[in-house]
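The values are calculated or read from the model by the stated rules, or taken from the named source; none is laboratory data. Note that the structure is a prediction, hence the values are computed from the model and not measured. Methodologically, a virtual Cβ is constructed for each residue, glycine included, from the backbone with ideal geometry; neighbour enumeration extends over all protein chains shown. These area figures cover heavy atoms from the full protein model, side chains too; ligands, DNA and RNA do not enter into them. Shrake-Rupley method; radii C 1.70, N 1.55, O 1.52, S 1.80 Å.
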Amino acid sequence: MLSWSEVIDPVADQNGFTGVVSVHRGGETEFARAYGLADRARQIPNTVGTRFAIASGTKGLTALAVVSLINDHALAMATTARSVLGADLPLIGDDVTIEHLLAHRSGIGDYLDEEAGYDVTDCLLAVPPQDLATTEQYLAALGGYPAKFRPGERFSYCNSGYVVLALIAERISGVAFDQLVAGRVCGPAGMADTAFLRSDELPDRTALGYLPIAGRSRTNVFHLPVRGSGDGGIYSTVADLSALWQSLFTGRIVPAHWVAEMVRPRSDVPAESKRYGLGFWLGQHSDTVILEGFDAGVSFRSVHDPRSAVTCTVISNSSYGAWPIARRLDEFLAG
């Protein structure tokens with residue numbers, strides 16, 4: 001049988017992969033290797049302890065923070081967004097609930113609509129990136145997008161929905177969203193290297209994200225909010241992500257009955273060959289639970305199989321870097 005190195009290294013070499021790949025079983029490391037550079041100009045290499053942005057992988061942590069508030073009876077699945085938003089974002093319908101938002105079934109308009117077919121190198125933000133440093137500041141970017149369909153009608157992946165969840169969680173708890181995630185998710189899971197960092201003042205041991213422009217080493221600093229919120233932008237490491245999965249399925253973040261609710265399929269998504277629960281993608285024909293993210297200068301996929309307790313994580317500081325290795329890992333594990 002091939003070793004992990006024999007499975008992964010040829011694909012990494014062929015595609016010029018930059019990032020980190022890890023395989024954990026029961027929380028123990030079976031394989032972890034870094035490739036390429038975290039900072040091209042300074043020739044700083046990636047290491048297995050490098051922090052990377054994980055883009056929409058953040059949504060799983062957002063969902064956990066919200067569900068932890070539900071578990072504490074501060075919110076309910078049936079709580080309406082309007083009951084917390086007040087007069088803000090008036091185009092969000094009065095019948096949109098927390099559960100609709102978590103399941104991507106709210107129908108609200110999206111400030112970064114992934115069904116619009118934009119290119120990853122396009123600058124799409126309607127406000128300057130530096131003006132998106134707190135969740136409340138995102139109100140300027142979220143407004144003005146009409147609803148696409150009635151709540152509950154169908155699945156439609158929605159970034160705005162997860163920023164609205166962050167806004168609701170922040171207002172209900174009275175705690176800034178980044179600190180809420182730190183206290184309710186990262187702390188219980190032991191994720192000491194996971195945080196919402198500012199892209200214009202990244203600390204050491206953190207990878208810069210690079211756009212897929214041939215012959216250029218242009219970063220993504222003008223393409224994404226300077227600090228992420230509920231829909232994306234948290235930074236993490238492969239070790240912290242392994243800790244997240246272990247903590248999730250041992251009830252250290254939210255109780256087991258809530259974990260079961262979050263990984264219960266709410267939608268089939270044939271276009272993605274997956275299903276969706278609450279904050280987590282799910283295998284189309286398996287029990288695997290998936291966090292995934294793709295953005296300018298970011299690609300990320302972490303797949304956990306609760307039955308075998310195997311976690312495979314690929315994080316890259318380039319827009320498409322993670323996908324060839326993620327596909328190869330899927331094939332190897334399936335075959």
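Carbon and sulfur: what percent of the chain's accessible surface (1.4 Å probe)?
Reported share for carbon and sulfur atoms: 51 percent.
Debye calculation, C-alpha points only, no solvent: report log10 I(q)/I(0) for region 126-238 at q = 0.09, 0.22, 0.23 Å⁻¹, in the same order as the q values.
So the normalised log intensities work out to -0.29, -1.30, -1.34.
Out of the chymotrypsin sites (Phe, Trp or Tyr not before Pro) in region 120-188, which ones are loop residues according to DSSP with at most 13 other C-beta atoms within 10 Å?
Answer in residue order: Phe149.
Around Met191, with a cut-off of 12 angstrom between Cβ atoms, what is the net charge of the other residues, counting Lys and Arg +1 and Asp and Glu -1?
Charge balance near Met191 sits at +1.
Summing Lys, Arg as +1 and Asp, Glu as -1, what charge do residues with Cβ under 9 Å from the Cβ of Tyr235 carry, Tyr235 excluded?
Neighbour charge sum, excluding Tyr235 itself: 0.
Work through the residues other than Arg82 whose Cβ is under 11 Å from its Cβ and net out their charges, Lys, Arg +1 and Asp, Glu -1.
Summing Lys/Arg as +1 and Asp/Glu as -1 gives -3.
Relative to the first principal axis of the alpha-carbon coordinates of the chain, what is the inclination of helix 322-334, with its axis defined by its Cα atoms, in degrees from 0 to 90 and to the nearest 10?
Long axis of 322-334 versus the principal axis of the chain: about 80 degrees.
Normalised by the number of residues in the chain, what is the relative contact order in percent for Cα pairs under 8 Å and 6+ residues apart?
Computed value for the chain: 26 percent relative contact order.
So how tilted is helix 159-173 from the main axis of the chain? Cα-based, degrees 0 to 90, rounded to 10.
Roughly 70 degrees, rounded to the nearest 10.
Size of the dipole of region 294-335 about the Cα centre, Lys and Arg at +1 and Asp and Glu at -1 on the beta carbon, nothing else charged, in debye to 20?
Charge dipole, region 294-335, about its Cα centre: 60 debye, nearest 20.
So what is the 222 nm mean residue ellipticity for the chain from helices alone, if each DSSP H run of at least 4 adds -39500 (n - 2.57) and you divide by all residues, rounding to the nearest 500 deg cm²/dmol?
-7500 deg cm²/dmol, from helical runs alone.
Build a GNM of the chain with springs between Cα atoms under 10 Å: which of Glu272, Glu292, Glu28 gets the top mean-square fluctuation?
Comparing Glu272, Glu292, Glu28 in a Gaussian network model of the chain, the most mobile one is Glu272.
Would you mind putting 51-61, 124-134 in packing order, based on average other-beta-carbon counts within 10 Å, highest first?
51-61, 124-134
Using per-residue counts of other Cβ atoms within 10 Å, averaged over each peptide, order 251-261, 109-119, 231-241, 299-309 from highest down.
Listed from highest to lowest mean packing, they are 231-241, 299-309, 251-261, 109-119.
With everything on Cα atoms, drop me the angle between helix 58-71 and the longest principal axis of the chain, reported from 0 to 90° to the nearest 10.
50
Can you give me the C-alpha center-to-center distance between region 204-268 and region 91-150, rounded to a whole angstrom?
About 18 Å separates the Cα centre of region 204-268 from the one of region 91-150.
Placing +1 at every Lys and Arg Cβ and -1 at every Asp and Glu Cβ, with all other atoms neutral, what dipole size does region 77-168 have around its Cα centre, in debye to the nearest 20?
For region 77-168, the charge dipole is close to 280 debye.
Quick check of the Kirkwood formula: for the chain, what is the inverse mean of 1/r over all pairs of different Cα atoms, in Å?
Kirkwood radius, the chain: 19.9 Å.
To the nearest µm²/s, what D does Stokes-Einstein give for region 48-144 at 4 °C and 1.567 mPa s, using the Kirkwood radius over alpha carbon pairs as Rh?
Here the translational diffusion coefficient equals 83 µm²/s.
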